[in-house]
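The values are calculated or read from the model by the stated rules, or taken from the named source; none is laboratory data. Computed from a predicted model, the values in this text were never measured in an experiment. Here the Cβ positions follow ideal geometry from the backbone for every residue, glycine too, while neighbour counts run over all protein chains shown.
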Amino acid sequence: MIEALKNQICEYFVGKQEVAENVLICLLSAGHVLLEDVPGVGKTTLARTLAKSMDCDFGRIQFTPDTLPGDVVGTGIYNMKTGEFSYREGAVMHQVILADEINRTSPKTQAALLEAMAEGQVTVDGKTYSLPQPFMVIATQNPVEFLGTYPLPEAQMDRFFMRLSLGYPKEEEEIRLAKNFLSGKMTEEIKPVCKAEDIQRMQKEVEKVTVSDDVIGYIREIVDLTRKDERFVCGASPRAMLAMVRTSQAKAYLEGRDFVKPDDVKAIAVNVLHHRLSLKSTAKIQGSDVDRILRDLVLKAKVPM
């Protein structure tokens with residue numbers, strides 16, 4: 001089922017296969033993913049294809065500077081006949097949410113997603129409403145240096161399990177994209193290969209994947225090295241460590257194993273930690289790169305036998 005899901009995503013989403021695999025890892029981890037890249041490389045197509053492939057309710061929020069928190073989580077509407085307020089659902093009330101260009105809206109509206117992403121619920125007028133399950137936010141953002149963007153707050157960045165960059169497709173992939181466009185092959189043709197209930201079952205199975213004490217110690221050492229590195233403003237949080245544990249389990253599950261290997265941790269470490277870390281100004285001036293630093297720290301950590 002996982003192989004069929006991955007193959008279908010790669011058929012309609014023309015780009016790096018490892019990006020599709022990492023999105024599936026986040027899905028199986030019951031986490032959220034942040035896609036950062038220039039416009040037009042297939043971020044929306046990837047999200048829509050994933051939702052249709054697993055027969056889930058898909059919703060899209062196009063963030064703009066005037067998007068209000070109520071547009072996202074919903075609002076109370078006064079009923080003149082009953083004299084009471086009734087809840088009108090917001091755009092977040094779907095199983096798979098594409099938060100498109102999330103960094104083009106104000107910090108207040110960005111923060112409206114925090115409770116939904118962390119707790120799977122929203123609170124409006126003092127009442128709590130549960131979100132449909134499985135629930136996943138796939139947020140896209142343009143590079144911060146683009147005109148009209150607001151940097152995401154650290155608290156929200158920490159809620160994303162992974163930050164992925166799609167990049168431009170290869171020559172043969174871009175040619176295939178053009179042929180698919182000319183032939184009218186669109187995402188509306190996608191047939192589901194699994195159900196939402198299957199995803200929830202697999203998410204529970206991922207939680208049962210064995211993580212040895214040695215592997216947990218390995219993950220802890222990598223996280224600790226980010227805290228000791230003076231080039232970062234601050235190191236990775238305990239939530240980052242938990243995200244590494246869960247995504248390592250999902251990586252092992254994706255490969256058909258019921259236990260985590262150190263190689264699983266190495267495969268997910270950079271994508272899980274990158275967006276949670278900020279370089280000091282002196283490190284930026286010296287030309288330091290977060291990805292390169294993280295790869296060096298992963299190699300520096302002692303691999304359990």
Only one residue in Leu98, Leu35 is in contact (Cβ under 8 Å) with a residue 60 or more places away in the chain and assigned to a strand (DSSP E or B), so which one is that? Leu35
Here the residues within the range 1-31 that are surrounded by fewer than 24 Cβ atoms within 10 Å (Cβ to Cβ) and either charged (D, E, K, R) or not in a helix (DSSP H, G or I) (or both) are Met1, Glu3, Lys6, Glu11, Val14, Gly15, Lys16, Glu18, Glu21, Ala30, Gly31
Pairs with Cβ under 9 Å, 6+ apart, first in the range 54-76 and in contact (Cβ under 8 Å) with a residue 60 or more places away in the chain and at negative phi, second part of a loop (DSSP other than H, G, I, E, B) and polar (S, T, N, Q): Met54/Gln95; Cys56/Gln95; Asp57/Gln95; Pro65/Thr105; Pro65/Ser106
How many residues are in a helix (DSSP H, G or I) and within 18 Å of the chain's Cα centre (by Cα) when one looks only at the range 267-286? 10
When you scan the range 166-177, do you find a residue that is over 26 Å from Ala283 (Cα atoms), surrounded by 15 or more Cβ atoms within 10 Å (Cβ to Cβ) and among the aliphatic types (A, V, I, L, M), even just one? yes
State whether the residues of the range 94-102 include one that is more than 15 Å from the chain's Cα centre (by Cα) and under 30 Å from Ile190 (Cβ atoms). yes
Taking Ala51, is it crowded, with 22+ Cβ neighbours inside 10 Å, at pLDDT 85 or above and assigned by TED's automatic domain parsing to the domain that holds Pro169? yes
Screening Val290, Val209 for residues that are without any contact (Cβ under 8 Å) to a residue 24 or more places away in the chain, crowded, with 18+ Cβ neighbours inside 10 Å and either touching a helix residue (DSSP H, G or I) at 6+ places or on another chain (Cβ under 9 Å) or under 25 Å from Gln17 (Cα atoms) (or both) leaves only Val290
Output the residue which, of all residues in the range 35-45 that are of a type outside the set (Lys, Arg) and in contact with a Leu (Cβ under 7 Å, 6 or more places away or on another chain), is modelled with the highest pLDDT. Leu35
Any chance Val303 is over 30 Å from Gln200 (Cα atoms) and either not small (Gly, Ala, Ser) or not in a helix (DSSP H, G or I) (or both): yes
I need the full set of residues from the range 255-278 which are more than 22 Å from Arg292 (Cβ to Cβ) and either free of Cβ contacts under 8 Å to residues at least 24 places away in the same chain or crowded, with 22+ Cβ neighbours inside 10 Å (or both), in order please. Glu255, Gly256, Val260
Condition test on Arg227, is it of a type outside the set (Asp, Glu) and either modelled with pLDDT of 90 or more or in contact with a Lys or Arg (Cβ under 7 Å, 6 or more places away or on another chain) (or both)? yes
Hits in the range 48-88 - residues which are in a loop (DSSP other than H, G, I, E, B) and among the basic types (Lys, Arg): Lys81
Would you be able to tell me the number of residues in the range 191-242 that are assigned to a loop (DSSP other than H, G, I, E, B) and among the hydrophobic types (A, V, I, L, M, F, W, C)? 7
Within the range 77-111, track down each residue that is loosely packed, with under 14 Cβ neighbours inside 10 Å and either at positive phi or not acidic (Asp, Glu) (or both). Ile77, Tyr78, Asn79, Met80, Lys81, Thr82, Gly83, Ser86, Arg88, Pro107, Lys108
